[in-house]
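Encoded as structure tokens, the structure appears first; notes follow it.
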Amino acid sequence: MAVVLPGDGILELVRAANDRVVIAAPYIKSPTLRRLLHAVPETVSECICVTRWLPEDIASGVCDLEILEDIAGARGGRLLVHPHLHAKYYSNGRDCLVGSANLTARGLGWHTPSNVELLVALPAELEGLAEWEHALLGSAVQATEELRDRIRRQADDLKKDKTPRRLPEVEDDVATEVEQTLWVPRCPTPDRLWQVYRGRGADTMVTSAFEAAQADLAALSPPQGLTQDLFTAYVAGILKQMPLLAEVDKLAAAGLTDTKAHEFLAASLGGTGSEEEYAQVWRVVKLWLVHFFPDSYRLETGQEVLVKGRELPRR
């Protein structure tokens, strides 16, 4: 049986597309992307590419900034950025390839020696796959020339700094025990999060709120150089992916009282905190939902009930 290179499999997938192609990989090289885009049929009206685009990736040469121009030349081409992306996913709307192969010559077997990679064919209707793609696209942000230029400057600075850097997906886990951590927003003034992201707020915010905002931004890891609208869209996209807030979304459909919310948080967060701690978490979560989803949630005054007005908007 002949061995099919990962790149050849992706080319075959793309050539079979009718109207839509989705490419997602942390590392994407410009020549490899162009080879793939040349195979896209004229019937395709939307070509979406998602990558990580971290300054570390650009500085080390595993991803190119030029892919912004490459994808812009494709029919319906859009480049999206998600700094937490680790999956490798290729779809033509009917079939998908999922596995380990980045969109690089070595990753796709087009360079010798090649990486040892694997891509598995899956039908697009496989349960959960469409939802995963929707969540990815909804939480990614649109790449812009401004964002590209900001990343280029940061990458240039990293090249000058010879200090070894830890890969973003490799955590400093303790070898003897790994404990799952669940992030919940802590900043009580979500409307000030944008200012802290822009490097402001230290002299105008309460110290505890400013430090909480810094901690929230460290957990969210938004790309640098976003406009305020893109920043808001990015944070909203991350929030929509959180299982905890997805459950809150369901509970709020019938109206979620503070008492019920405290009980839910106690069960979800391990039940080791005090009533006041859960109350504070809930106060902050309510503010974040109303701020980042103003068309979806409201607080009924006097009753402190979170009410879901309609479904979270699809992005």
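The values are calculated or read from the model by the stated rules, or taken from the named source; none is laboratory data. If you're wondering where the values come from, they're calculated on a predicted model, not measured in any experiment. Cβ sites come from the backbone with ideal geometry, for glycine too, and all protein chains shown count toward neighbours.
Can you give me the number of residues within the range 15-69 that are part of a helix (DSSP H, G or I), more than 20 Å from S221 (Cα to Cα) and either out of contact with any strand residue (DSSP E or B) (no Cβ under 8 Å at 6 or more places or on another chain) or aliphatic (A, V, I, L, M) (or both)?
The number of residues fulfilling the criteria is 11.
So in the range 258-300, with the set limited to residues that are β-branched (V, I, T) and in a helix (DSSP H, G or I), which one is farthest from D191 (Cα to Cα)?
T259
Quickly run through the range 105-137 and pick out the residues that are in contact with a helix residue (DSSP H, G or I) (Cβ under 8 Å, 6 or more places away or on another chain), part of a loop (DSSP other than H, G, I, E, B) and without any contact (Cβ under 8 Å) to a residue 60 or more places away in the chain.
A124
Can you tell me which residues in the range 55-76 are in contact with a Cys (Cβ under 7 Å, 6 or more places away or on another chain) and modelled with pLDDT under 95?
Within the range 55-76, D57, A74, R75, G76 meet the criteria.
Please give the number of the condition E66 fails out of (1) crowded, with 16+ Cβ neighbours inside 10 Å; (2) in contact with a helix residue (DSSP H, G or I) (Cβ under 6 Å, 6 or more places away or on another chain).
Every condition holds for E66 apart from (1).
Under 7 Å by Cβ, and 6 or more places apart or on different chains, what pairs join a residue from the range 223-235 that is closer than 16 Å to W53 by Cβ and hydrophobic (A, V, I, L, M, F, W, C) with one that is in a loop (DSSP other than H, G, I, E, B) and at pLDDT 80 or above?
Listed by first residue and then by second, the contacts come to F231/P222.
Among the residues that make up the range 191-208, is at least one of them at pLDDT 85 or above, closer than 23 Å to V307 by Cβ, outside any strand (DSSP E or B) and not β-branched (V, I, T)?
Looking for residues that are at pLDDT 85 or above, closer than 23 Å to V307 by Cβ, outside any strand (DSSP E or B) and not β-branched (V, I, T), one finds at least one in the range 191-208, hence yes.
Tell me whether the range 138-147 contains one or more residues that are over 26 Å from P41 (Cβ atoms), in contact with a strand residue (DSSP E or B) (Cβ under 8 Å, 6 or more places away or on another chain) and part of a strand (DSSP E or B).
Yes: one or more hits.
Yes or no: the range 250-269 includes at least one residue that is under 24 Å from the mean Cα position of the chain (by Cα), crowded, with 16+ Cβ neighbours inside 10 Å and at pLDDT 85 or above.
no
Whether any residue in the range 89-97 is within 13 Å of A25 (Cα to Cα) and aromatic (F, W, Y) is what I want to check.
yes
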